[in-house]
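Asks: My structure is below; once you've seen it, I'll send some questions.
The values are calculated or read from the model by the stated rules, or taken from the named source; none is laboratory data. All figures in this text were calculated on a predicted structure; none of them were measured in a lab. Glycine also receives a Cβ, built like all others from the backbone with ideal geometry; neighbour counts cover every protein chain displayed. In case anyone asks, the SASA skips ligands and DNA or RNA and just uses the protein heavy atoms, side chains included. Shrake-Rupley method; radii C 1.70, N 1.55, O 1.52, S 1.80 Å.
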Amino acid sequence: MFDQYKTIDYKIPLKHHLCTEVSFTSRYQMPLVQPYNGEIPEKILSFNRARGHAPNGAAVHFYIADAHFECVWNRPEVYLPMLQRFPFVISTDYSLYSDMLLPEVMWNTFRNKLLCAWWQKHGVNAIPNVSWCKEWSYDFVLEGYPKESIIAINSTGIGTDRQSKALWLKGYNRVLEVLKPIHILRYGAMQEGEDASISTFYKNDNFNGATYGR
């Protein structure tokens, strides 16, 4: 009765071999990401542009559409040498949308942490990129990220919607409360109510430069 399913090739990229190289939390079994307390990058470069550029002191980031860096998850060993050439890498930013189902949010946050932890094991200066969804995501989204570390946070996509801004700020304050970051690399527009004194704001990397605090 199950013959109809035999020809289907389910290639679910679970990446068990990556899991054997990192440690996990006990509650939600999230990968343990190590703190980054090194230099603050002076400039950033998106992954899709970095593939064709020399390192030149830039930090690679993944604040682009998920499809543009799915290759890093599908073939992590292939892209590892490229990322090792850069002095800094801000870890992946797989999307966590408010209308996603719980398993989708958990899967993307798991991938973000697993790649970051695995890169760190292989000598990449990977800076934890912290993102969140609604309140119900806070516990497992933040579990596994280090305290008192330099982290990165993205605010693009919020736009001018008041509800989206409020949700972002609520999650941001929870990050400060739980992780107590020593500095934040901020991508996207500064949001009212955030602590600019501990932040470095980067413009869209189609432009040059960064602003240190405000």
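Asks: Accessible area per residue for the chain in Å², computed with a 1.4 Å probe and the full protein assembly in place, what is it?
Replies: 53 Å²
Asks: Separate question: Using each residue's phi in the stretch 78-83, evaluate 6.51 cos²θ - 1.76 cosθ + 1.60 at θ = phi - 60° and report the 3J(HN,Hα) Karplus result to the nearest Hz, with x for Gly and Pro.
Replies: Result, ordered by residue: 5, 8, 4, x, 5, 5 Hz.
Asks: Compute the length gained on full extension between His17 and Ala65: take 0.36 nm times their separation in residues and subtract their Cα-Cα distance, giving the result in nm to one decimal.
Replies: Between His17 and Ala65, full extension yields 14.7 nm more.
Asks: Another one. Assuming 0.36 nm per residue, please report the length gained on full extension of the stretch Glu39 to Glu135 beyond their Cα-Cα distance.
Replies: 31.4 nm
Asks: While we're looking at this one, here's another question. For the stretch 146-157, just list the computed ³J(HN,Hα) in residue order, Karplus coefficients 6.51, -1.76 and 1.60, θ = phi - 60°, integers in Hz, with x standing in for Gly and Pro.
Replies: After applying 6.51 cos²θ - 1.76 cosθ + 1.60, I find x, 8, 6, 10, 6, 10, 10, 9, 10, 10, 5, x Hz.
Asks: Which whole-number percentage describes the relative contact order of the chain, with Cα contacts under 8 Å and a sequence gap of 6 or more?
Replies: It rounds to 19 percent for the chain.
Asks: Taking R0 as 22 Å, what FRET efficiency do you get between His53 and Lys121 from their Cβ-Cβ distance, rounded to the nearest 0.05?
Replies: Calculated transfer efficiency: 0.30.
Asks: With every protein chain left in place and a probe of 1.4 Å, what is the accessible surface of Ser23, to the nearest 10 Å²?
Replies: Ignoring ligands and nucleic acids, Ser23 comes out at about 60 Å².
Asks: Quote to one decimal, in nm, the extra length available between Tyr28 and Gln163 on full extension: 0.36 nm per residue of separation minus the C-alpha distance between them. Before the final figure, lay out the partial values.
Replies: Working: separation 135, 0.36 × 135 = 48.60 nm, distance 2.85 nm.
So the chain would gain 45.8 nm between Tyr28 and Gln163.
Asks: Which residues' amide hydrogens lie under 5 Å from the amide hydrogen of Ala152, considering only partners 5 or more residues apart or on another chain, with H built in the peptide plane?
Replies: Asn129, Val130, Leu185
Asks: Something else about it: In whole Hz, what ³J(HN,Hα) sequence does the stretch 63-75 give by Karplus (6.51, -1.76, 1.60; θ = phi - 60°), x for Gly and Pro?
Replies: 7, 9, 4, 3, 4, 6, 10, 4, 4, 5, 6, 5, 9
Asks: In terms of Cα to Cα distance under 17 Å, which aspartates and glutamates are near enough to Lys180, apart from those fewer than 8 places away along the same chain?
Replies: Within the straight-line cut-off, Lys180 pairs with Asp139, Glu143, Glu148, Glu194, Asp195.
Asks: Further, regarding this structure: Express the carbon and sulfur contribution to the solvent-accessible surface of the chain as a percent, rounded to the nearest whole number, probe 1.4 angstrom.
Replies: 52 percent
Asks: Taking the Cα centre of each part, how many Å lie between the stretch 156-175 and the stretch 15-57?
Replies: If we compute the Cα centre of each part, the gap is 24 Å.
Asks: Using modelled amide H (1.01 Å from N, peptide plane; none on Pro or chain starts), what sits under 5 Å from the amide H of Phe24, excluding residues fewer than 5 places away?
Replies: Those qualifying (amide H under 5 Å, at least 5 residues apart or on another chain) are Leu32.
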